[in-house]
Amino acid sequence: MRRAFSLIELLIVIAIVGILAGMLMPALSTVRALAKQAACGSHLGQLSMAAISYATDQRGLVVAYWSPSLNQHWTIHLAPYLEQTWAWYQPRNRLVKQYRCPGDGGGDNSPYLRSDAATLGYWVTYGIHQMASCYYAGAHWGKYGELTLRTVKDRGRFALFGDMNCKAWSQSINTDWATMTSFRHRGRMQSGFLDGHVGSDTPTTYGTTWWDSYNVTPAN
Ligand SMILES: [Zn+2]
């Protein structure tokens, strides 16, 4: 005949299960974080490839934060290359998964979204490099003229998109203000480069990586 568990034995089993769960939880959260980092890398790779396709169709023009000549934002220009549609103020922009980092906390409460994201339909937590905003007439980088694949000296060292804190700054990433970027992948930010590869940086290394993107030939 089988003997029933005593209370002491039951408590010991519960304690052991609790200890095992406590050991597993950090491992599980690490796995979850790594999965989000990988998914973010996939998004950045898709954004980079979309930008390369866009440039090919636009005689080499690198997509801009906002281009007066084409009068629109990079989110509009790249959407067709991601088999998506995107327009200002549209609730369906939520469905464009490539514009959101899976590590941004999700939903409308992400700390990295603009505070007016819901009004604008701007569910975007990636930023584009400041060099790609140089189409602004008279802007700081306007002296370089239009940025094209030809004027970029090393596409493999040109970080175009990256994990961004859109709440801190809604426009573009540069090397001066680390608050613009978001080191949300276990202390690292990820970047998509103009040759299609994806990299990651710490707060210590990202400045050098993003500084390399200023290595372009002035068009005029
Ligand atoms: Zn990310």
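Summary table
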| quantity | calculated |
| --- | --- |
| Residue match in the range 192-202 (condition: within 16 Å of the ligand (Cβ to nearest atom), part of a loop (DSSP other than H, G, I, E, B), modelled with pLDDT of 85 or more and within 19 Å of the chain's Cα centre (by Cα)) | yes |
| Number of the condition not met by ASP104 [criteria: (1) within 13 Å of the ligand (Cβ to nearest atom); (2) on the phi > 0 side of the Ramachandran plot; (3) of a type in the set (Asp, Glu)] | (2) |
| Residue in the range 83-90 that is among the polar types (S, T, N, Q), within 16 Å of the ligand (Cβ to nearest atom) and in contact with a Leu (Cβ under 9 Å, 6 or more places away or on another chain) present | no |
| Criterion (touching a helix residue (DSSP H, G or I) at 6+ places or on another chain (Cβ under 8 Å) and modelled with pLDDT under 90) met by exactly one of THR179, THR125, THR148 | THR148 |
| Of all residues in the range 116-132 being surrounded by 24 or more Cβ atoms within 10 Å (Cβ to Cβ) and in a helix (DSSP H, G or I), the one that is farthest from the ligand (Cβ to nearest atom) | MET131 |
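Residue-by-condition table, conditions (1) farther than 18 Å from GLN98 by Cα; (2) touching a Lys or Arg at 6+ places or on another chain (Cβ under 8 Å):
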{"site": "ILE16", "(1), (2)": "yes, no"}
{"site": "GLY60", "(1), (2)": "yes, yes"}
{"site": "ALA64", "(1), (2)": "no, no"}
{"site": "HIS73", "(1), (2)": "no, no"}
{"site": "ILE76", "(1), (2)": "no, no"}
{"site": "ALA79", "(1), (2)": "no, no"}
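The values are calculated or read from the model by the stated rules, or taken from the named source; none is laboratory data. Because the structure is a prediction, the values reported are computed rather than measured. Here Cβ is always computed from backbone atoms with ideal geometry, including for glycine, and neighbour counts include all displayed protein chains.
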